[in-house]
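Read through the structure below, which is laid out as structure tokens, and then see the notes.
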Amino acid sequence: MAGPCFNDRMDYELAKELKDAGFPQRDASYYWTDGTLPSSYRHAAVLDESKYVEAPSYAAPTLSELVKACGENFRSLDLTLLPSSVWHCTGVNASATHVHWTFHGTTPEAAVARLWMGLKSPTENADA
């Protein structure tokens, strides 16, 4: 089961997918853990660290970091409110004869993260 996160930009599984796809990892205060550490572990010096086993952690990048990582391939980000809120991120893969892709997510970060992963693996289908 997914563990604590200091934000709600994306879920544990998507953060792990980003890391596995090669997204740069950084500042631990924005990480998901697999649930074996308390959410305050990295910030509370009073905890007895010997009681906890270090768990895999995955960065939950900001929207700005994700857009920057997509670079000139990023085109747009839109929100559809009805029938339910869904974010749509479009991009272009210049190396694949300017193929336009659209990826969806429940948060803007999730949609742009999927675009970034699509750009890293252009052979997979968009609209995932």
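Each reported figure results from applying straightforward, stated rules to the coordinates on display, with no laboratory input. Just so we're clear, the structure is a prediction, and the values are computed from it rather than from any experiment. Neighbour counts are summed over all protein chains in view; Cβ atoms, including those assigned to glycine, are modelled from backbone coordinates with ideal geometry.
Quick notes on this one:
- Positive minus negative residues near Thr90 (Lys, Arg vs Asp, Glu; Cβ under 9 Å): 0
- Rounded to the nearest Hz, the phi-derived 3J(HN,Hα) couplings of the stretch 101-107 under the Karplus curve 6.51 cos²θ - 1.76 cosθ + 1.60 (θ = phi - 60°) are 10, 10, 10, 10, x, 7, 10, where x marks glycine and proline.
- Remark: the stretch 73-89, residue by residue, has Karplus-estimated 3J(HN,Hα) of 7, 6, 10, 7, 9, 10, 10, 9, 8, 10, x, 9, 6, 9, 8, 10, 10 Hz, where x stands for each Gly or Pro and the curve is 6.51 cos²θ - 1.76 cosθ + 1.60 at θ = phi - 60°.
- Amide hydrogen proximity for Val99: with H placed 1.01 Å from N in the peptide plane, the residues at 5 or more positions away or on another chain lying under 5 Å are Asn93.
- Ascending count of other beta-carbon atoms within 10 Å, so fewest first, for Val92, Val112: Val92, Val112
- Karplus (6.51, -1.76, 1.60) ³J(HN,Hα), θ = phi - 60°, over the stretch 11-20, in Hz, Gly and Pro reported as x: 8, 4, 4, 5, 4, 5, 4, 4, 4, 4
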